[in-house]
Amino acid sequence: MPKSQFIDPSEVRKAGEITFNPIPVNQYNKTVEEEKANFSNEDLLRIYRDMVVIREFETMLNLIKIRGDYNGIAYDHPGPAHLSIGQEAAAVGMAYTLGVEDFIFGSHRSHGEILAKGLSAIAKLSDEQLMQVMESHFDGITFAPVKNGHSGTVKELAIKFLIYGTLAEIFARETGFNKGLGGSMHAFFTPFGVYPNNAIVGGSGDIAVGAALYKKVNRKSGIVVANIGDASMACGPVWEGLAFATMDQFNELWEGDMKGGLPLIINIMNNQYGMGGQTCGETMGYNIAARIGAGVNADQLHAERVDGYNPLAVIDAYKRKRIILEEKRGPVLLDVLTYRYSGHSPSDASSYRSKEEVEAWEAQDSIAWFGRELVKAGVATEDQLTGIKGDTISLMESSMKLAIDDKVSPRMDMAKYPNLIGEMMFSNESVDRMEDRTPDVNHPMAENARVQQLAKKERFAFDENGKAHSKIKTYAYRDGIFEAIVDRFYKDPTLIAYGEENRDWGGAFAVYRGLTEALPYHRLFNSPISEASIVGTAIGYAMCGGRVIPEIMYCDFLGRCGDQVFNQLPKWQAMSGNVIKMPVVLRVSVGSKYGAQHSQDWTALTAQIPGLKVVFPATPYDAKGLMNAALQGTDPVIFFESQRLYDIGEQFHKGGVPEGYYEIAIGEPDIKREGKDVTILTIGATLYRALEAADILQEKYGMSAEVIDARSLSPFNYELVLASVKKTGRIIISGDASSRGSFMKEMAQTISELAFDDLDAPPVVVGSRNWITPAYELEDSFFPCAEWMIDAIHEKIVPLKGHVVKNNFTSAEQIRRNKLGV
Amino acid sequence: MAIPVIMPRQGQSVETCILGEWVKKKGDAVKVGDILFSYETDKASFEEDAKADGILLDIFFAEGDEVPVLVNVAVIGAAGESVDEFRPGGQAVPLAETVAASEVVVEKLIAPEVKTVAEPTGKVKISPRAKNLAEKSGVAYQQLQGSGPEGRIIERDIEAAAQVLPKLTPLAQEKAKAEGLKAGEAATGLGGKAIAKDLISYNPVYSDDFEVKKLTNMRKLIAKAMHTSLQNSAQLTHHMSADARTIMALRKKYKKALDAGQISQNITINDLVCFAVIKALKKFPQVNTHFIGDSMRWFKKVHLGLAVDTDRGLMVPAIKNADDLSLEGLSGQMQSIAGQCRKGNVSPELLAPEAATFTISNLGNYGVEMFTPVINIPQTAILGVCTIVPRPKDLGDGVYGFVPMMGLSLTYDHQALDGGEATLFLREIKEQIENLEI
């Protein structure tokens, strides 16, 4: 909502109509003879060879799956194999013109795209560059098996490397491109510009947008291609990615060289089936997928359907579309028509299509047709083509033998190194800046109005007499977050931040106030109201090497980006064998006062997912220190904040919040008040209610409570808590999440296990009720408060003399509530 | 608003008071300063006056009841007000905040309360932490009553118990009990607990120059009975001696008759003494009693307990209805039952302390001049009969001579009898012995 844009009622209320330009369908009509002017014979033969390599690779996998052997070499592959036999021309056509610096993203059916892009990159890289790539990938571990005894050219060696690395990856070998941790549906190889393929349908639909954003914002050459299936056009996150990719602001508000569209091609690999569902005629309504472009922006995404059975038609389209991207008029939508003969997977009985249909497409098989055309045009002889096929079969046989040899291609030795996968879950690096150059900013940090204002604030909540400073003078929780973020913006040129209302508004909770003035649009902007794309694009941005702070305004919106937070963000570091880093700090604000869909603490959902770091600071000092640590790291961090706390001053850290840079290690809880009789462990904003409870316990019952603020959920160092329980023998765990299945329960269980002999009573969880969050006026009966904590201690841990309970914490009530599920 | 009247606490150690007399009755109008009731502690009597004007709406305890301190005993208020909330054992008593605050302080000063249950019932509920602490501090927790939720024994229960119970490891506890050892100054176990090897014999000078022999069951029973007796009654002993010339003459007479075959029963000095005591008992029925705490059993008949020394230890069989017997009958029964004791075939019923109403223990044969016999509770007294020694005595008319005097030691339970009564009874025995007529 920039003020520079005036919405003129008399303009927008005028009558008129929306017109569309015709969307081209299969317009390419050149013959090989005609194209000889644009391609050398070698080029054309390479196109043919690349298609043959893909066909043979997929045929090999098909035979292994169906018969358990390929050309007499027996092997059992229990994992998935989603094959693309029939789609070779589309893959090779897509990849042929792409440079090494152009990135492709794919789907679960992307073996062909990996090989096509790999072969394309090999053709473009020099021998020295290839040797460097092969020798440096995992220090030559993938390279070693193919290097042995090789007698041909470097390019031939690189092709062997590509086939072997992909196959070993599919067979879960440690020598695979991703140490066998990605597998068939996720294999990729970034040095050749092959970025993650995604087993979630449409998973690349927003991630690739983030990669294009990275290219643009960081002025990197190259374009990004999102290879997604025709059926993925039904997925919400794909549409969200499209919305994000076509924001007007790229042209209307971004300035200077940043003005203009994203270098992105949405490449629909349209094999006309989504598993068994026929997208044209059954499960979708677009009829021709290219039609979608018309609805997305005025450029209609420069959409076009291309005949994916003719590699030259696809190459032609890519040559034309690249010009559009170079003119910053992207993104582009291509609907590349193709067909797969193979089933969705080996278990597919093709019950959804007729034999005649498959045979009709096989009769027009792109490889056979293209071979005939090459012979017809005098580019190649039949013998040459037969030779290519023979060489390819030998290549597959030798690669397979290597890839299935347990000595040459071992799997990860989990018996010997049981923590191997555990060590890959996080990269745990400490990096000031992801790239070394001067950050784009509008003015020096010292000139920023917010920074100047903060310099005058009181950095501790109370004066020397213990009296609270006025709210306006107090350095608050939101200031702690701001200070860490603004500092990083001036340190790391790749850092960007976005989300809903992040720019002019300053964030819904005023954390970013002042940043709008400090940063150009491309580093801080408003996103569409589209959480899947906010998080999904951040993942793509980070994968490519940037640091990013996406924000979703309310924790309750986590469901809107479920796949991104649960399947994508946490997985790619480990699935890449630690090739990829994921420096994403996802800011999530936990609400209150706003009822059932705006007041939920869903920390457990994220903490349950392996691969995420989860923090929830409750004080300005912790907020700044943890944000600094999160931004210094290279791992995805879910950074929970609380709307109850944005105004609160620092009440614990002596001397207040330091002005300089400091980090608080993620995973370390903190004692906010020492005590000896009972421990209260809190998550998030309940800290302050626990302190109230501690006061009451002291004053009324002579009990001293030790209050520990968890600060982090995962990782979490239990040692401090265990030491406290050893001392007190009693613990309650409190947080604002509904108690059932909460992270408090996880903590209670872990403490029971680790401190059993020290416990004088079971750890007791005091969380919110398992209800909808009611209106603000009724919140006292929903969220835990000091009174609940004392009642719980009295009922379950140690009866307090003279205490009269007001809330029912008895076992019978607990059983009853569970029986009812409330 | 109605206010409760509590049983005041007169001193830190007072837990309960006896409600003496209600001066006001339920329904009476009372004014500030009116005496409501009297009550007594173990040391003194007090009166409680009204702290408010109003109607004495209800009283919760009767005269003579033992009332825990600080518990509500009555309610003063306006007519028609509810008193249920003040009824002890009903809803919790709301205390004014100042009271609550001072109570916390008080609680810290007094020794922690340790409650035990007589027998552990079923599974003992104890927290892991408390169990650990119990083991480390050598507290036998099985009989503690837990103060945690649902009666669970929690850490504080063990801490309290550890203050009043010896700090021994469980093994050391066993060993100490079995071998009569106790913890020495060195404690080498965890948390400063004495372990088995730290235990020493009662007198360290003797080192291990002794042999430990397990007690026989008989010994254990006697030990327990004797210990219980001294623990549970207020015993003291009066000594007196009786001129034995009369019964010595009687003894001589019966001996002659036995030798002459005129009688078949050998009448001993002891038989004669017992016969005399039975007569005295008939005159002092308050001694022919059992003391059972809040009341006493007054027996119509005399069931005489007789201490019999046997190889296996002391036995005290009862001669039932001894006051119905002639001297010969008494002598015969005593001889026969003593024989049964020594043979071990006496009826266990007769050995129960409750079987006798009074006991005589005669150590005269052994030359004992004076002793303090231990009462066979619940009996209220026991007579020790001592040896006969010649003592100077005024024979009349300023003539002194040596007279055989028999020592008598009467131990009685001061709970049941006062000193005067006991003295008079002992004097009666003396009289009976000195003037015995058959």
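Net charge of the neighbourhood of B:VAL302, taken over other residues with C-beta under 12 Å away and scored Lys/Arg +1, Asp/Glu -1, is +4. Across peptide B:152-160, the average count of Cβ atoms from other chains found within 10 Å of a residue's Cβ is 3. The angle between the Cα long axis of helix A:686-701 and the main principal axis of chain A comes to about 20°, on a 0 to 90 degree scale.
Principal-axis analysis of the Cα atoms of chain A puts helix A:204-217 at an angle of about 90° to the longest axis. All Cα-Cα distances of the range A:587-715, cut into 5 Å bins from zero to the largest, leave 2, 11, 19, 21, 20, 14, 9, 3, 1, 0 percent in each bin in turn.
Stretched out straight at 0.36 nm per residue, the stretch from A:GLN814 to A:GLN364 would grow longer than its current Cα-Cα span by 155.2 nm.
Cross-link pairs exceeding 23 Å between alpha carbons, from the set A:LYS117/A:LYS220; A:LYS801/B:LYS24; A:LYS457/A:LYS654; A:LYS220/A:LYS259: A:LYS801/B:LYS24.
Once you reduce the range A:456-508 and the range A:575-590 to the center of their Cα atoms, the two points are 23 Å from each other.
The long axis of helix A:743-754 is offset from the longest Cα principal axis of chain A by roughly 80 degrees. Relative to the current alpha-carbon distance between A:ASN442 and A:SER781, full extension at 0.36 nm per residue lengthens the span by 117.2 nm.
Model label sites at B:GLU15 and B:VAL69, defined 7 Å from Cα along the beta-carbon direction, differ in position by 1.2 nm.
For B:THR423 and B:GLU150, what is the calculated FRET efficiency with R₀ set at 56 Å and r taken between the beta-carbons, to the nearest 0.05?
0.50
Rounded to the nearest 500, the helix-only mean residue ellipticity at 222 nm of chain A stands at -11000 deg cm²/dmol, with each DSSP H run of n ≥ 4 adding -39,500 (n - 2.57). For the range A:335-358 versus the range A:16-47, the inter-centroid distance based on Cα atoms is 26 Å. Applying 1/(1 + (r/R0)^6) with R0 = 45 Å to the Cβ-Cβ distance of A:ALA455 and A:GLU692 gives a FRET efficiency near 0.85. For the protein assembly as shown, the equivalent ellipsoid built from the Cα gyration tensor has semi-axes of 100, 39, 25 Å, listed from largest to smallest. What the Cβ-Cβ distance of A:TRP771 and A:VAL804 gives, at R0 = 22 Å and to the nearest 0.05, is a FRET efficiency of 0.30. A full extension of the chain between A:LYS471 and A:ASP405 corresponds to an added length of 16.9 nm, given 0.36 nm per residue minus the alpha carbon distance.
Bear in mind these aren't lab numbers, they're just calculated from the coordinates by the rules spelled out. Everything numeric here is computed off the predicted structure, so don't read it as measured data. Reconstructed Cβ throughout: ideal geometry from the backbone, glycine too, with neighbour counts over all protein chains shown.
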